[in-house]
1. Please name all residue pairs, on different chains or six or more residues apart, with Cβ atoms under 8 Å, provided the first residue is in the range 97-111 and is more than 29 Å from R123 (Cα to Cα) and among the aliphatic types (A, V, I, L, M) and the second residue is modelled with pLDDT under 90 and outside any strand (DSSP E or B).
2. Can you tell me which residues in the range 70-117 are more than 29 Å from N39 (Cα to Cα) and touching a Pro at 6+ places or on another chain (Cβ under 9 Å)?
3. Within the range 85-92, is even one residue closer than 20 Å to Y126 by Cα, modelled with pLDDT of 85 or more and touching a Lys or Arg at 6+ places or on another chain (Cβ under 7 Å)?
4. Given the condition under 28 Å from G108 (Cβ atoms) and charged (D, E, K, R), answer yes or no: does some residue in the range 52-67 qualify?
5. If you take the residues in the range 33-73 that are of a type in the set (F, W, Y), touching a Phe, Trp or Tyr at 6+ places or on another chain (Cβ under 6 Å) and over 17 Å from H83 (Cβ atoms), which one is surrounded by the fewest Cβ atoms within 10 Å (Cβ to Cβ)?
6. Looking only at the range 74-101, count how many residues are touching a Ser or Thr at 6+ places or on another chain (Cβ under 8 Å) and of a type in the set (S, T, Y).
Amino acid sequence: MACHLLKCSGLALVMLGFCGASAHAQVYGAAGYNPYTGNYARGAAGYNPYTGGYAAERTAYNPATGATGARESGYNAYTGNYHSAAAGVNPTTGTEATSRSAYNPYTGASASVQKAYNPYTGRSAYHYSYHR
């Protein structure tokens, strides 16, 4: 009887180790679809409780126009840095656009850049800024 109880308590300790309260990185995802228009959108987010960092991303697509878009952002709790980015394509005109920005709270510096490309002319337009 004592041997059986010892085996059961050992098994209980092993199961407690597997199901314990250890913090794992958490990931969340969601998707949406509209059957009338064919549009879809997706989003995902992740969080790391050990570092306090997080990241998120969203994408979208319109089948009527073929336009696509994406946006992502992230935060590093250790450094306090924040960044974000976005991109989009319009297949009707062929225009592509991107944007990125970053912020560092320790130095107070922030930077951003935007770019648009027109395939018909072969030219790109840029705009950037940096503040301290």
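The values are calculated or read from the model by the stated rules, or taken from the named source; none is laboratory data. Please read all numbers here as calculations on a predicted model, not as lab measurements. Ideal geometry is used to build each Cβ from the backbone, glycine not excepted, and the neighbour counts take in all protein chains shown.
1. These pairs meet every condition: A109/R132.
2. Within the range 70-117, T79, G80, N81, Y82 qualify.
3. Looking through the range 85-92, at least one residue is closer than 20 Å to Y126 by Cα, modelled with pLDDT of 85 or more and touching a Lys or Arg at 6+ places or on another chain (Cβ under 7 Å).
4. yes
5. First, pick out the residues of the range 33-73 that are of a type in the set (F, W, Y): 33, 36, 40, 47, 50, 54, 61.
Still in the list and also touching a Phe, Trp or Tyr at 6+ places or on another chain (Cβ under 6 Å): 33, 40, 47, 54, 61.
Those left that are additionally over 17 Å from H83 (Cβ atoms): 33, 40, 61.
Working: Y33: 10, Y40: 15, Y61: 15.
Checked the range 33-73; the qualifying residue surrounded by the fewest Cβ atoms within 10 Å (Cβ to Cβ) is Y33.
6. Qualifying residue count, the range 74-101: 6.
Conditions (1) part of a strand (DSSP E or B); (2) at pLDDT 50 or above; (3) in contact with a strand residue (DSSP E or B) (Cβ under 7 Å, 6 or more places away or on another chain); (4) more than 27 Å from T98 (Cβ to Cβ), marked per residue:
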residue: L6; (1), (2), (3), (4): no, no, no, yes
residue: L16; (1), (2), (3), (4): no, no, no, yes
residue: A23; (1), (2), (3), (4): no, no, no, yes
residue: A30; (1), (2), (3), (4): yes, yes, yes, no
residue: P49; (1), (2), (3), (4): no, yes, no, yes
residue: T59; (1), (2), (3), (4): yes, yes, yes, no
